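Chemist: Below is the structure I would like to discuss, written out as structure tokens.
The values are calculated or read from the model by the stated rules, or taken from the named source; none is laboratory data. Only a predicted model underlies this, so the values are computations on that prediction, with no experimental measurement involved. Quick reminder, even Gly has a Cβ in these numbers, built from the backbone with ideal geometry, and neighbours come from all protein chains shown. Note: areas computed on protein heavy atoms with side chains; ligands, DNA, RNA excluded. Shrake-Rupley method; radii C 1.70, N 1.55, O 1.52, S 1.80 Å.
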Amino acid sequence: MKIFCGRANPTTGTMEWLEEDEDYDYHQEIARSRYADMLHDKDRNVKYYQGISAAVRRVKERGERAIVLDIGTGTGLLSMMAVSAGADFCYAIEVFKPMANAAVKIVEKNGFSEKIKVINKHSTEVTVGPDGDMQCRANILITELFDTELIGEGALPSYEHAHKYLVQDGCEAVPHRATVYAQLVESKRMWSWNKLFPIHIQAEDDEKIIVSPSEVENCPGVSSVYDIQLNQVPWNNFTILSDVVTMFSVDFSKQVSSASAYHRVLLKPVKSGMAQVILSWWDIDMDPSGTIKCTMAPYWAQPASLDIQWRDHWMQCVYFLPNEKPLLQGEIVYLTACRDEYSVWYKLQKARDKEDKTDAHVASPVCRCQAHLLWNRPRFGELNDQNRTNEYIKALKKVLKTDSVCLCISDGSLLPVLAHHLGAQQVFTLENSAVSHAVMEKIFKANHLEDKIKIIEKRPELLTPSDLENNKVSVVIGEPFFTTSLLPWHNLYFWYARTAAANQLARNITVLPQSASLHMMVVEFKDLWRIRSPCRTCEGFDVHIMDDMIGNSLNFRESKEAEPHPLWEYPCKSLSDPQQVMTFDFRQTVPQHHLSTEGSMKLLRTGKSHGVVLWMAYHLTADISINTGLVQISNEKGSCQWNPHCKQAVYFFSSVIESGAVADPSSAVAYSLSFDPQTGKIAMDFKLLP
């Protein structure tokens, strides 16, 4: 059965109605899941197995039958561990039907069907009793309901319900306990992900400074955690202001409350500085004594001799304080972690003569300036990159004249302010949403430009001469950046918007950037390949069925598509030279015919060709470009440095990931790419040549 799905095309800006298979959403969810990453997490799996075995042993030593409840069973792996460890029976709960079906097959394949019952329900819907889903309450509770923030996937309400209705008092729990840690740091780089810094413009006569509106300066931002691979942040990018402190613990063997709470600790800074950011992570004890521990601690908070397990399903947390605070070494401050059912946020207070706990709990931060709704964290960092801004300033100086009429096409861009200060006669900015309109209005007002730059909230094809005060646009400018873009080439919407507005443009129009080019390179990933790698067996259990399930969903569509990843977080080495493979000329309107190219990339280094990375470069003028991908290959081994503000596109080679084959420098990768101007999509195909 086919169904019609409507979706906005991020490149063309049009609404598309596509005929999809009725299972499309299911295939998409499976293909983009992190099940493979979890199954490859050796540290997690071994620690769970040890903890489960110890819990079963303790129950047996008390002369009881070991009845297990496994909430969020996924593949059924933890249930199979429990039965292998001697559990008498296991109830495995899985709410996602395709996953529950797979768990039934995996359990059967491994010979555990008689002792494991898979229940396709949410745990809060499970019943207990002679006619219920469970014959009796369990005395061992196993869960894996955690995300990077620990509680973001609803662990607390699930535990709360389970203790009330599904497990016995005093049950064993694996994990037994979770502990959340925090550390206070100063970091210009991380702070740039949350606030708008002053931006300097060297104009003809003097220096201009774009200042941030007070609403943005004083806004606490959004409550959502910024989860990143903190192990990829260099040591010199932050200054530690406090020791690591324990913020709170949750004992999963006892009744758990999901009610809002706060946890306050006293801190004495170990160094003076500006408190800006809280770095946080957690660990889980698989047993009551804490001897079986699985930790998410970053490299500086672990013993140097310990090999750090790579994982992408659990990372580390970055929280931004509402405002930066100057601290002196040794002064007493209070750090408060507040939480609700699903999220955590922090507050820092200076000590008072009399400790005041009345305002210790603070409401979850809500963005009222709207800038944090318009710009995500990498976008803030991009806007704060003065070196990047300087390239636009240099390019604008080359193309602007005293009579220039500028139209900016980008979401929430500061280019209109640059254009005005650099001498354009008139500046208009096209904003696609009420949010971007409101944010730009605040910025213009804070810089006394509300009467100098006109905001037009319209789609480009609806522009009229009166919108532009009966002027013909002589210069179209864009970064380009659009909030709807996921893949690098989605920002080609600039080209489509410029084409749609063609009737309002002068004949001798200047376009900045004048063109864009698509680049690519073959790489070997240090770890990222694991998210696409079949597991086959995990701790002795056959999980081929899960591999096949993911493979089928990838083959449904995803295996022929690239996916976005911020590669500064995922180390890789180049196996080929970077290669420019396609050019898009913005001085001309979008063509009617396909743009196609084919060729090959010679491999220069020995390694596993895990895939191809693709990115865009925007050529502002003939000699000034902005690169969204590879910054440099930093050594002879091919280590890559990537633009930290942008996501790059990754096309994985499933055959290499599955086989682990090593390519030698005599081989090559053949490619074929085709850009369809009707859809804005780039079809791509790659083949490994011997």
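Chemist: How far, in nm, would the chain grow between Asn218 and Ser289 when pulled straight, counting 0.36 nm per residue and subtracting the alpha carbon separation? Walk me through the intermediate numbers first.
Modeler: Values: separation 71, 0.36 × 71 = 25.56 nm, distance 4.48 nm.
Taking 0.36 nm per residue and subtracting the Cα distance, the gain is 21.1 nm.
Chemist: What is the extension gain from Glu108 to Gln678, computed as 0.36 nm multiplied by their sequence separation minus the C-alpha to C-alpha distance, in nm to one decimal? Provide the component values of the computation, followed by the final result.
Modeler: Working: separation 570, 0.36 × 570 = 205.20 nm, distance 4.82 nm.
The Glu108-Gln678 span can extend by a further 200.4 nm.
Chemist: Further question on the same structure: For the stretch 83-149, with every protein chain kept in place, what is the accessible area per residue (1.4 Å probe, Å²)?
Modeler: On the way: 2870 Å² over 67 residues.
Heavy-atom SASA per residue in the stretch 83-149 reads 43 Å².
Chemist: Taking the Cβ of Cys406 as the center, what net charge do the other residues with Cβ under 15 Å away carry, scoring Lys and Arg +1 and Asp and Glu -1? Provide the component values of the computation, followed by the final result.
Modeler: Details: positive: Lys397, Lys398, Lys401, Lys452, Lys454, Lys472, Arg498; negative: Asp403, Glu431, Asp467, Glu469, Glu479.
After counting each charged neighbour, the total is +2.
Chemist: Under a plain spin-label model, where a point goes 7 Å from the Cα along Cα-to-Cβ, how far apart in nm are Glu598 and Tyr299?
Modeler: Here the answer is 4.3 nm between the modelled labels.
Chemist: To continue, here is another question. Counting only other residues whose beta carbon sits under 13 Å from that of Phe238, what net charge do I get with K and R as +1, D and E as -1? It would help to have the intermediate numbers written out before the result.
Modeler: Working: positive: Lys188, Arg189, Lys271; negative: Glu186.
Net of charged neighbours comes to +2.
Chemist: Still on this structure: On the full set of protein chains, 1.4 Å probe, figure out the accessible area of Leu512 and give it in Å² to the nearest 10.
Modeler: The accessible area of Leu512 comes to roughly 0 Å².
Chemist: On to the next question. Amide H of Phe481 versus every other amide H placed in the peptide plane: which residues, excluding those fewer than 5 positions away on the same chain, fall under 5 Å?
Modeler: Residues meeting the amide H criterion: Asp411.
Chemist: Just to check I understand the Karplus step: with θ = phi - 60° and J = 6.51 cos²θ - 1.76 cosθ + 1.60, what whole-Hz values come out for the stretch 179-184, glycine and proline as x?
Modeler: 10, 9, 10, 9, 8, 8
Chemist: How large is the Kirkwood hydrodynamic radius of the chain, counting all unique pairs of alpha carbons, in Å? Intermediate results must be reported in sequence, preceding the final value.
Modeler: Working: mean 1/r = 0.0358 Å⁻¹.
Evaluated over the chain, this radius sits at 27.9 Å.
Chemist: Calculate, for Ala259 and Lys350, the FRET efficiency according to 1/(1 + (r/R0)^6) with r their C-beta to C-beta distance and R0 30 Å; round to the nearest 0.05.
Modeler: 0.60
Chemist: Quick one: accessible area per residue over the stretch 568-629, 1.4 Å probe, rounded to a whole number of Å²? Provide the component values of the computation, followed by the final result.
Modeler: Working: 2580 Å² over 62 residues.
Accessible area per residue: 42 Å².
Chemist: Hey, another quick one. If you count only protein heavy atoms and use a 1.4 Å probe, how large is the accessible surface of His40, to the nearest 10 Å²?
Modeler: 40
Chemist: Which whole-number percent gives the relative contact order of the chain, counting Cα pairs below 8 Å spaced six or more residues apart? Mind dumping the intermediate values first?
Modeler: Numbers: 1519 pairs, mean separation 86.6, N = 690.
That works out to 13 percent.
Chemist: Show me, for the stretch 389-398, the HN-Hα J-couplings you get by feeding each phi into the Karplus relation (A = 6.51, B = -1.76, C = 1.60, θ = phi - 60°), rounded to Hz, glycine and proline as x.
Modeler: 4, 4, 5, 5, 4, 4, 5, 5, 4, 6
Chemist: Suppose every Lys and Arg Cβ carries +1 and every Asp and Glu Cβ carries -1, with no other charges. What dipole size does the stretch 586-690 come out with about its Cα centre, to the nearest 20 debye? Write down the numbers at each step before the final one.
Modeler: Values: 8 positive and 7 negative charges, 26 e Å.
It comes to approximately 120 debye.
Chemist: For the residue pair Lys687 and Asp205, what label-to-label distance in nm results when each label sits 7 Å from Cα along the Cα-to-beta-carbon direction?
Modeler: Distance between label points: 6.4 nm.
Chemist: Which one, Met521, Asn508, Ile531, is farthest towards the positive end of the dipole of the stretch 483-561 when Lys and Arg carry +1 and Asp and Glu -1 on their Cβ?
Modeler: Checking the options against the dipole of the stretch 483-561, the answer is Asn508.
Chemist: Hey, got the dipole for the stretch 531-632? About the Cα centre, +1 on K and R Cβ, -1 on D and E Cβ, debye to the nearest 20? Mind dumping the intermediate values first?
Modeler: Numbers: 9 positive and 12 negative charges, 60 e Å.
Around 280 debye, computed over the stretch 531-632.
Chemist: Rounded to the nearest 0.05, what FRET efficiency is calculated for Ile332 and Val631 with R0 set to 35 Å and r the Cβ-Cβ distance?
Modeler: Computed FRET efficiency for Ile332 and Val631: 0.25.
Chemist: Please list, by residue number, everything in the stretch 265-304 whose backbone N is under 17 Å from a paramagnetic label point 7 Å out along Cα→Cβ of Ser249.
Modeler: The answer is 265-266, 281-297, whose backbone nitrogens lie closer than 17 Å to the label point.
Chemist: What order, most packed first, do the peptides 675-688, 466-479 have when packing is the mean number of other Cβ atoms within 10 Å of each residue?
Modeler: Values: 675-688: 16.9, 466-479: 18.9.
Final packing ranking: 466-479, 675-688.
Chemist: Could you pull out every residue, at least 5 positions away or on a different chain, whose amide H is within less than 5 Å of the one on Lys526? Hs are placed 1.01 Å off N in the peptide plane, and Pro or chain starts have none.
Modeler: Residues meeting the amide H criterion: Cys572, Lys573.
Chemist: For the stretch 597-690, give the percent of accessible area contributed by carbon and sulfur heavy atoms, probe 1.4 Å, rounded to a whole number.
Modeler: Details: 2090 of 4130 Å².
Carbon plus sulfur share of accessible area: 51 percent.
Chemist: Another question, if that's okay. Show me the ranking of peptides 206-213, 607-614 by mean Cβ neighbours inside 10 Å, starting with the highest.
Modeler: Values: 206-213: 14.9, 607-614: 23.5.
Ranked by mean Cβ neighbours within 10 Å, highest first: 607-614, 206-213.
Chemist: Note the full-extension length gain between Asp623 and Gln168 as 0.36 nm times their separation in residues minus their Cα-Cα distance, in nm to one decimal.
Modeler: On the way: separation 455, 0.36 × 455 = 163.80 nm, distance 7.13 nm.
In short, 156.7 nm is gained.
Chemist: Let me spell out the model: positive unit charges on the Cβ of Lys and Arg, negative unit charges on the Cβ of Asp and Glu, origin at the Cα centre of the stretch 405-529. What dipole size does that give, in debye rounded to 20? All intermediate terms of the calculation are to be shown ahead of the outcome.
Modeler: On the way: 10 positive and 12 negative charges, 59 e Å.
Charge dipole, the stretch 405-529, about its Cα centre: 280 debye, nearest 20.
Chemist: Which Cα, out of Cys171, Phe197, Ser187, lies furthest along the positive dipole direction of the stretch 168-212 (beta carbon charges, K/R +1, D/E -1)?
Modeler: Cys171
Chemist: Right, next: Give the residues of the stretch 527-569 whose amide nitrogen is closer than 18 Å to a point set 7 Å from the Cα of Asn387 in the direction of its Cβ.
Modeler: 567-569
Chemist: Run the accessible area of the stretch 308-453 with a 1.4 Å probe and give the carbon-and-sulfur part as a rounded percent.
Modeler: On the way: 2930 of 6090 Å².
Of all accessible area on the stretch 308-453, carbon and sulfur atoms account for 48 percent.
Chemist: Summing +1 for each Lys or Arg and -1 for each Asp or Glu, what net charge is found among the other residues whose Cβ lies under 14 Å from the Cβ of Gln309?
Modeler: Counting the neighbours of Gln309, the net charge comes to 0.
Chemist: If you don't mind, there's one more thing I want to ask. Check the straight Cα-Cα distances from Lys401 and name the lysines below 25 Å, setting aside those fewer than 8 residues away within the same chain.
Modeler: Excluding near neighbours in sequence, the set is Lys208, Lys445, Lys452, Lys454, Lys472.
Chemist: What FRET efficiency would be calculated for the residue pair Ser666, Asp88, taking the C-beta separation as r and a Förster radius of 45 Å, to the nearest 0.05?
Modeler: Details: r = 59 Å, r/R0 = 1.30.
So the FRET efficiency works out to roughly 0.15.
Chemist: Tell me, what HN-Hα J-couplings in whole Hz come from the Karplus equation 6.51 cos²θ - 1.76 cosθ + 1.60 at θ = phi - 60° for each residue of the stretch 504-515, using x for Gly and Pro?
Modeler: Each residue's phi maps through the Karplus curve to give 9, 9, 5, 4, 8, 4, 9, 10, 10, x, 7, 6 Hz.
Chemist: Follow-up question, since we're still on this one. Considering the options Tyr392, His565, Ile456, tell which one lies farthest towards the positive end of the dipole of the chain, charges being +1 on Lys and Arg and -1 on Asp and Glu at the Cβ, about the Cα centre.
Modeler: Checking the options against the dipole of the chain, the answer is Tyr392.
Chemist: Do the sum for the chain: with -39,500 (n - 2.57) for every DSSP H run of n ≥ 4, divided by all residues, what is the mean residue ellipticity at 222 nm, to the nearest 500 deg cm²/dmol? Each step should come with its number before you reach the end.
Modeler: Values: 16 runs with 145 residues, N = 690.
That calculation yields -6000 deg cm²/dmol at 222 nm.
Chemist: What whole-number value in Å² describes the accessible area per residue of the stretch 472-536 for a 1.4 Å probe? Write out the running numbers ahead of the final one.
Modeler: Numbers: 2050 Å² over 65 residues.
Ligands and nucleic acids excluded, the figure is 32 Å² per residue.
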